[in-house]
Amino acid sequence: MSCASNSGGEETKAKAKASASTLLAPQQFKDKMEQLNNELVLDLRSHGELHSVGPIKGAQNLDFNSGRFQSAIPQLDKNTPVMLYCAGGNRSSQAAKLLNDAGFKEVYDLQGGVTAWKNAGFQVARHSH
């Protein structure tokens, strides 16, 4: 009976789960969006935040803090790649973990959020109602 083999198995599972989402720098995120034809890009910011800085073109808004994102998870296809961003990266990392835990195969998270996107010189769309 070896305790080491049990803890090794736990560590391997944790690493496998952690690798299910990929943190991407703005240029990588943009390239991946183009590769996937903007299939499912989710903006996790609030309505008020969208007025300050518009969304990345092609993104759908599911406010993380309102619970809209969490409510939508069961309706999303686990085999469809999901791209996430928020203002600075905190909510999107939490959302990525939720999707990983729910069994999603491909999750991409914009490092630094829309702030990093804009700082990299990429455009955002104008927010419309």
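The values are calculated or read from the model by the stated rules, or taken from the named source; none is laboratory data. Please read all numbers here as calculations on a predicted model, not as lab measurements. Please note: Cβ atoms are built from the backbone with ideal geometry, for glycine as well, and neighbour counts cover all protein chains shown.
For segment 43-67, the set of residues classified as farther than 14 Å from Ala125 by Cα, in contact with a helix residue (DSSP H, G or I) (Cβ under 8 Å, 6 or more places away or on another chain) and not in a loop (DSSP other than H, G, I, E, B) is empty.
Filter segment 117-129 for residues that are more than 15 Å from Glu49 (Cβ to Cβ) and in a helix (DSSP H, G or I) and give the result. The answer is Asn119, and nothing else.
Would you mention how many residues in segment 86-129 are acidic (Asp, Glu) and in contact with a strand residue (DSSP E or B) (Cβ under 6 Å, 6 or more places away or on another chain)? Looking only at that region, the number is 1. Is it the case, given these coordinates, that Gly88 is part of a loop (DSSP other than H, G, I, E, B), within 13 Å of the chain's Cα centre (by Cα) and under 18 Å from Asn119 (Cα atoms)? Spelling it out, Gly88 is indeed part of a loop (DSSP other than H, G, I, E, B), within 13 Å of the chain's Cα centre (by Cα) and under 18 Å from Asn119 (Cα atoms).
Of all residues in segment 15-36, how many are part of a helix (DSSP H, G or I) and modelled with pLDDT under 70? Walk me through it before giving the result.
Of segment 15-36, the ones part of a helix (DSSP H, G or I) are 15-18, 26-35.
Checking the rest, the ones that are also modelled with pLDDT under 70 come to 15-18.
The total comes to 4.
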